[in-house]
Amino acid sequence: MADSVQFQTIPNSNRLSDEARAQLIAEPGFGKVFTDHMVTIEWTEDAGWHDARVRAREPFSIDPASAVLHYAQEIFEGMKAYRGSDGAITLFRPEENARRFNQSAHRMAMPELPEELFLEAIERLVAIDAAWIPAGEGSLYLRPFMFANDVFLGVRPAKRYVFCVIASPVGAYFKGGAKPISVWVSDNYSRAAAGGTGAAKCGGNYAGSLIAQAEAIEHGCDQVVFLDAAEHRWVEELGGMNIFFVFDDGTVKTPPLGTILPGITRALVIALARDKGIVVEEARYGFDQWQADAQSGRLREVFVCGTAATIVSVGRILHSGGEFLIGGGEAGPVTQDLRDRLVAIQRGETNDQFGWRRTL
Ligand code: PLP
Ligand code: COI
């Protein structure tokens with residue numbers, strides 16, 4: 001059972017050469033390049049968590065009746081390992097990902113994974129694939145996930161699961177790097193409703209967001225902004241990021257938790273802003289008010305944040321009724337300062353005043 005799970009490292013004769021790896025990580029983009037290994041841990045009703053392996057990255061063999069393929073019982077996390085300027089490899093608040101993973105597991109009627117096992121799986125993968133962590137601006141994106149692997153078509157929580165971690169060297173999420181992005185406000189699709197799965201990081205939420213994201217792309221935008229399901233009025237979040245608003249009186253607002261993903265970067269941004277004496281309100285903000293505040297000049301900056309994206313400002317907003325700019329389409333000083341401070345802590349370029357780094 002959990003507290004006696006021992007990791008086994010299976011020899012891997014298929015590692016890429018140093019030259020091939022160096023070429024792949026030179027300009028990795030996002031989520032296209034993968035490392036040599038993965039970690040898997042199995043769960044069954046009888047044995048609990050067992051069979052933890054660090055092994056060559058390879059395809060799974062899945063039965064066509066496997067529950068995840070039919071009922072989408074699947075959750076995941078997103079986190080990064082960094083190579084600091086001093087060469088040290090660090091993770092950034094991985095305990096928060098472990099905790100949120102278990103909150104997602106609970107919501108999706110899946111077994112929770114002991115935090116120490118989650119952390120050990122992450123650390124073992126980062127250690128064995130450390131050569132894949134890009135230097136400089138890049139990082140190693142880690143994708144822990146769990147899926148139902150029961151061979152059964154009845155609708156009930158599965159009795160068999162696989163937990164896995166894969167890793168991908170990444171650069172910037174958006175092709176423009178840190179340049180302001182444009183967003184499309186969806187007025188016909190919502191991401192989540194009260195009582196639904198919005199706060200869980202489950203694959204189904206993303207499947208449901210794709211048509212709205214495709215609309216955003218059709219309108220020439222980088223990302224979609226979702227409004228609430230009940231009134232189609234209150235700003236919630238983007239397809240893969242949380243959102244913040246900066247006003248002319250220096251205050252900052254972000255939508256409250258509930259139906260949105262409780263972003264780990266969101267919590268860091270709130271802490272970093274408050275540390276600077278900025279008043280941060282977690283409160284509902286209507287899209288009608290957003291337009292009015294942009295027009296009056298009361299709204300100075302808008303930015304989005306997430307593990308993949310870090311902090312990026314929003315320059316242009318499109319919606320079915322037209323479009324408008326924020327800050328003339330340029331990144332503002334509050335966004336820039338928060339981004340610089342966050343990146344400096346993540347990369348070990350400044351004192352870790354909040355104790356957020358975990359060095360391997
Ligand atoms: N909201 C959604 C829907 C996301 O997919 C993400 C990314 O993980 C976030 C917000 C930001 O969360 P975090 O900062 O924990 O990466
Ligand atoms: C992340 O930021 O880790 C996510 O999962 C979001 C996705 C857009 C990559």
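The values are calculated or read from the model by the stated rules, or taken from the named source; none is laboratory data. Small disclaimer: the values here were computed from a predicted structure and weren't measured. Glycine also receives a Cβ, built like all others from the backbone with ideal geometry; neighbour counts cover every protein chain displayed. Accessible surface is based on the protein model in full, side chains and every heavy atom, while ligands, DNA and RNA are left aside. Shrake-Rupley method; radii C 1.70, N 1.55, O 1.52, S 1.80 Å.
On the principal axes of its alpha carbon atoms, the chain extends 62, 52, 36 Å, with the longest extent given first. What the chain shows is 44 Å² of accessible area per residue, with the surface traced by a 1.4 Å probe over protein heavy atoms.
Quick one: pull the percentage of alpha-carbon pairs in region 49-207 with a separation above 28 Å.
For region 49-207, the fraction of Cα-Cα distances above 28 Å is 30 percent.
In this simple spin-label approximation, A207 and R274 carry label points 7 Å from Cα along the Cα→Cβ vector, and these lie 3.7 nm apart. Working ranking of peptides 85-94, 67-76 by packing, defined as the average number of other Cβ atoms within 10 Å per residue, highest first, is 67-76, 85-94. The C-alpha atoms of region 250-360 occupy a region whose extents along the principal axes are 50, 30, 27 Å, arranged from largest to smallest. Normalising by residue count, region 31-90 has a Cα convex hull of 156 Å³ per residue.
Computed over region 117-234, the percent of Cα pairs more than 19 Å apart is 66.
For the chain, the 222 nm mean residue ellipticity estimated from helices alone, with every DSSP H stretch of n ≥ 4 adding -39500 (n - 2.57) and the total spread over all residues, rounds to -8000 deg cm²/dmol. The mean sequence separation of alpha-carbon pairs under 8 Å and at least six residues apart, normalised by the residue count of region 272-360, gives a relative contact order of 21 percent. Protein-only accessible surface at a 1.4 angstrom probe places the residues Y189, Y285, Y173 in the order Y173, Y189, Y285, largest first.
Within straight-line reach of K179, meaning a Cα separation under 17 Å, sit the following aspartates and glutamates at least 8 residues removed in sequence or on another chain: E137, D222, E301, E330, D337, D340. Taken over the alpha carbons of region 150-292 as equal point scatterers, the Debye sum produces base-10 log I(q)/I(0) values at 0.11, 0.13, 0.17 Å⁻¹ of -0.51, -0.70, -1.10. Checking the cross-link pairs K80/K276; K80/K159; K32/K201 against a 27 Å limit on the alpha carbon distance flags K80/K159 as lying beyond it. A crude spin-label estimate for the pair R298 and D86, with each label 7 Å from Cα along the Cβ direction, gives 4.6 nm. Computed over the chain, relative contact order equals 18 percent, with contacts defined as Cα pairs under 8 Å that lie 6+ residues apart.
Computed from the C-alpha gyration tensor, the three semi-axes of the ellipsoid equivalent to region 1-129 are 27, 19, 16 Å, from longest to shortest.
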